[in-house]
Amino acid sequence: MHIADGYLSPSTVVTSFVLVTPLWIYGFKRLKSKLDEKTIPILGALSALSFVIMMFNIPIPGGTSGHAVGATLIAILIDPWIAFISVSLVLLIQATVFGDGGISTIAVNAFSMGFVASFSGYYIFGLIKKYKFAPFIAGYFSLVIASFVTACVLGIQPIFWVQNGHPLYFPFDLKVTIPMMVGSHLLFGIAEGIFTQIIYTLLKKEKRAVYEI
Amino acid sequence: MKSKVFAVLGILFLFVPLGLLTSSPAWGEWENEYYLKILGYIPKGISTHIGLKPLLPDYSLKGGNEILWYYLSAIIGIALIFTIFFVLAKLNKNRKQNAD
């Protein structure tokens, strides 16, 4: 789901920054209001978990691989805005240090893997939280929904930006990106679901403590 | 919660080389040669974009031990995350003190 530099048209890039920057500003304020010496360890560790879980590439048939993101875990344990900012920071490090995902595309990537995953996971969890497997289901669908957003942004590129019959940017359209991207994340969602379920179950007893500190 | 979350982080960190078991790329995260092979050309935007050269592309350095670099990448990532949070909290604290 990490869209690389050069994959999106300049107008897509500009639009994405215009739309996502206000979300970053608001989310950043939310993070700052909760960030102090007491909350650093837990917020840092949860963000680090997101970074590390994204390093577990899982192969699936067909020659591709994918990974969990960890946004829903932070969203349901702490706050979806903080989850969004934490994942955005992880994406920034991945893009600048490791070349994983682009810098021009960071607003789109932060929107899909950060914002959409965090909030969809948060609201799905809210609807079904009395059930034992709510974290699994919330994590699962958050990743699938996020992959749909990525598929849409990639898939519109060859529809709008073509030169001499050749796509200028990402070359496969929605008919390909949606089945491939969402289809593969129907499997990777299982990893997100298991990760969210296990870690949430381990940490939820002390959940209240985070809100108090 | 603190000790548990660090225990989880520690365990995942230890097992991080498992992420190297597959050499398959993610769908849509191909090398440029892939487009040449599949389409017969590399889309212009993809072949000509100007980007920053990453420090450790693909969590590795050519010629080094893959597993070692993957561990190092995880350490660098985790350290950077904590550094950013510490700096933010420090700035936050200073601002609050100035406001008082």
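The values are calculated or read from the model by the stated rules, or taken from the named source; none is laboratory data. Predicted model, so just to flag it, every value in this text is computed and none were measured. Glycine gets a Cβ as well: all are built from the backbone with ideal geometry, and neighbour counts include every protein chain shown.
Just a yes or no: is a residue in the range A:115-133 assigned to a helix (DSSP H, G or I), within 14 Å of chain B (Cβ to nearest Cβ) and touching a residue at least 24 places away in the same chain (Cβ under 8 Å)?
Within the range A:115-133 (the criterion being assigned to a helix (DSSP H, G or I), within 14 Å of chain B (Cβ to nearest Cβ) and touching a residue at least 24 places away in the same chain (Cβ under 8 Å)), the answer is no, since none of the residues qualifies.
Right, residue A:16: surrounded by fewer than 21 Cβ atoms within 10 Å (Cβ to Cβ) and either modelled with pLDDT under 95 or more than 8 Å from chain B (Cβ to nearest Cβ) (or both) or not?
no
What are the residues in the range A:29-72 that are within 7 Å of chain B (Cβ to nearest Cβ) and in a loop (DSSP other than H, G, I, E, B), if any?
Matches in the range A:29-72: A:35, A:36, A:37, A:55, A:56, A:57, A:63.
What is the residue count in the range B:14-63 for residues that are touching a Gly at 6+ places or on another chain (Cβ under 6 Å) and of a type outside the set (Gly, Ala, Ser)?
Qualifying residue count for the region: 4.
Just to check your reading of the model, which residue among A:84, A:98, A:160, A:136 is of a type outside the set (Val, Ile, Thr), over 20 Å from residue A:203 (Cα atoms) and touching a residue at least 12 places away in the same chain (Cβ under 8 Å)?
Only one candidate qualifies: A:160.
Show me the helices (runs of 4 or more DSSP H) entirely contained within the range B:26-100 in which 3 or more residues are within 7 Å of chain A (Cβ to nearest Cβ) and modelled with pLDDT of 90 or more.
Because the criterion is at least 3 residues that are within 7 Å of chain A (Cβ to nearest Cβ) and modelled with pLDDT of 90 or more, the helices (runs of 4 or more DSSP H) in the range B:26-100 that meet it are B:44-48, B:66-99.
Listed here are the residues, each with its yes/no results for (1) under 21 Å from residue A:62 (Cα atoms); (2) among the small types (Gly, Ala, Ser).
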{"position": "A:139", "(1), (2)": "no, yes"}
{"position": "A:157", "(1), (2)": "no, no"}
{"position": "A:163", "(1), (2)": "no, no"}
{"position": "A:167", "(1), (2)": "no, no"}
{"position": "A:172", "(1), (2)": "yes, no"}
{"position": "A:177", "(1), (2)": "yes, no"}
{"position": "A:186", "(1), (2)": "yes, no"}
{"position": "A:189", "(1), (2)": "yes, yes"}
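Pairs under 8 Å by beta carbon, first residue assigned to a helix (DSSP H, G or I) in the range B:1-12, partner surrounded by fewer than 19 Cβ atoms within 10 Å (Cβ to Cβ) and of a type outside the set (Val, Ile, Thr), six or more apart or different chains?
These pairs meet every condition: B:2/A:41; B:4/A:202; B:4/A:206; B:5/A:41; B:6/A:41; B:8/A:202.
Do we find that residue B:78 is touching a residue at least 60 places away in the same chain (Cβ under 8 Å), among the aliphatic types (A, V, I, L, M) and surrounded by 12 or more Cβ atoms within 10 Å (Cβ to Cβ) in this structure? Even if it seems obvious, please write down each step before you answer.
Values: touching a residue at least 60 places away in the same chain (Cβ under 8 Å): yes; among the aliphatic types (A, V, I, L, M): yes; surrounded by 12 or more Cβ atoms within 10 Å (Cβ to Cβ): yes.
For residue B:78, the condition - touching a residue at least 60 places away in the same chain (Cβ under 8 Å), among the aliphatic types (A, V, I, L, M) and surrounded by 12 or more Cβ atoms within 10 Å (Cβ to Cβ) - is met.
Inspect the range B:72-91 for any residue being touching a Leu at 6+ places or on another chain (Cβ under 9 Å) and farther than 25 Å from residue A:31 by Cβ and give the result as yes or no.
The answer is yes, given that some residue of the range B:72-91 is touching a Leu at 6+ places or on another chain (Cβ under 9 Å) and farther than 25 Å from residue A:31 by Cβ.
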